[in-house]
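In what follows, a single structure is set out as structure tokens and then discussed.
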Amino acid sequence: MTIRAAIPALACALALSACAIGNRYDYSDASGTLNYKSQGQHVTVAVWDQRRYVVSGNKDPDFVGLQRANVGLPFDVGTASHRPLAWDMDDALVRSLAAADFGATPVMLTPRDSQATAMAALLRGKPQRVLLLRMDDWESDTYKNPMVTYDLTLNVYDASGRRLTSKNLKGNEALQGSLINPGARAREEVPDTFRRKIELLLNAPEVAAALR
């Protein structure tokens, strides 16, 4: 290949790589719809990031997943807010509950928190119920079609800290991708997948019964 012929190919490769760099996903619209209403209950809400790659320090707390360039080279994706992913997810849960007439208050935890410190923070405001979402995995991986790996456990506690119920969702989900602009499609699909997961968790019969 001549130098002149190689230039367009190199430019194309660089353009495709650039599309994979600096991607960020916005969770501000990731609130779900509950199929029941509160009768004025006060709930404190937290998401506890216990992803092994975040707890170990290998990934930052705002890590959402990976976007791959044209040769499969992975680049980290962060949150659009630049805040920890758990905090964006916490806000999404609060919005979901508030729309169903719950008095929902967010509590921001860090990966360094223990179960004891997390519960102490959640119970400090003397709520009627505590909602703690433990995130053991949440990572998207996008080349052409996004794949989301998740392990989410929603726990409901009463005012004394006694666990009333627990609901887990764990698995891998292939999402609709795009050959032309996979990054843009993933920015829509990945946060919407979280919205659907929290709807499943919050509307689970055992969770609804515990919250009411």
If we keep only residues of the range 160-177 that are hydrophobic (A, V, I, L, M, F, W, C) and modelled with pLDDT of 95 or more, then the residue nearest to the chain's Cα centre (by Cα) is Leu169
Say we look at the range 178-204 and pick out the residues that are surrounded by fewer than 17 Cβ atoms within 10 Å (Cβ to Cβ) and over 24 Å from Ala99 (Cα atoms); which of these is modelled with the highest pLDDT?
Ala184
Go through (1) modelled with pLDDT under 95; (2) within 14 Å of the chain's Cα centre (by Cα); (3) among the polar types (S, T, N, Q) one by one and return the number of the condition Gln50 breaks.
(1)
Spot the failing condition for Asp141; the list is (1) surrounded by fewer than 16 Cβ atoms within 10 Å (Cβ to Cβ); (2) within 30 Å of Asn70 (Cβ to Cβ), and only one is missed.
(1)
Which numbered condition Trp48 misses (of (1) in contact (Cβ under 8 Å) with a residue 24 or more places away in the chain; (2) of a type outside the set (Val, Ile, Thr); (3) assigned to a loop (DSSP other than H, G, I, E, B))
(3)
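With surrounded by 15 or more Cβ atoms within 10 Å (Cβ to Cβ), over 22 Å from Pro191 (Cβ atoms) and modelled with pLDDT of 95 or more as the only criterion, which of Leu109, Leu122 stands out?
Leu122
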For the range 157-167, check the following and say yes or no: at least one residue is of a type in the set (S, T, N, Q), in a strand (DSSP E or B), touching a helix residue (DSSP H, G or I) at 6+ places or on another chain (Cβ under 7 Å) and without any contact (Cβ under 8 Å) to a residue 60 or more places away in the chain.
yes
Quick test for you: out of Asp88, Asp60, pick the one residue that is modelled with pLDDT of 95 or more and part of a helix (DSSP H, G or I).
Asp88
Being of a type in the set (A, V, I, L, M), in a helix (DSSP H, G or I) and modelled with pLDDT of 95 or more, is that true of even one residue in the range 134-143?
no
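Every residue, every condition in (1) hydroxyl-bearing (Ser, Thr, Tyr); (2) in contact with a helix residue (DSSP H, G or I) (Cβ under 9 Å, 6 or more places away or on another chain); (3) over 29 Å from Asn172 (Cβ atoms), yes or no:
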| position | (1), (2), (3) |
| --- | --- |
| Thr105 | yes, yes, yes |
| Thr117 | yes, no, yes |
| Ala121 | no, no, yes |
| Leu132 | no, yes, no |
| Asp137 | no, yes, no |
| Thr149 | yes, no, no |
Among the residues of the range 73-93, is any touching a helix residue (DSSP H, G or I) at 6+ places or on another chain (Cβ under 7 Å), of a type in the set (S, T, N, Q) and loosely packed, with under 14 Cβ neighbours inside 10 Å?
no
Here's a check for you: in the range 125-138, which residue that is farther than 27 Å from Tyr25 by Cα and charged (D, E, K, R) is surrounded by the fewest Cβ atoms within 10 Å (Cβ to Cβ)?
Lys126
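The values are calculated or read from the model by the stated rules, or taken from the named source; none is laboratory data. Everything numeric in this text was worked out from a predicted model, so none of it was measured. Methodologically, a virtual Cβ is constructed for each residue, glycine included, from the backbone with ideal geometry; neighbour enumeration extends over all protein chains shown.
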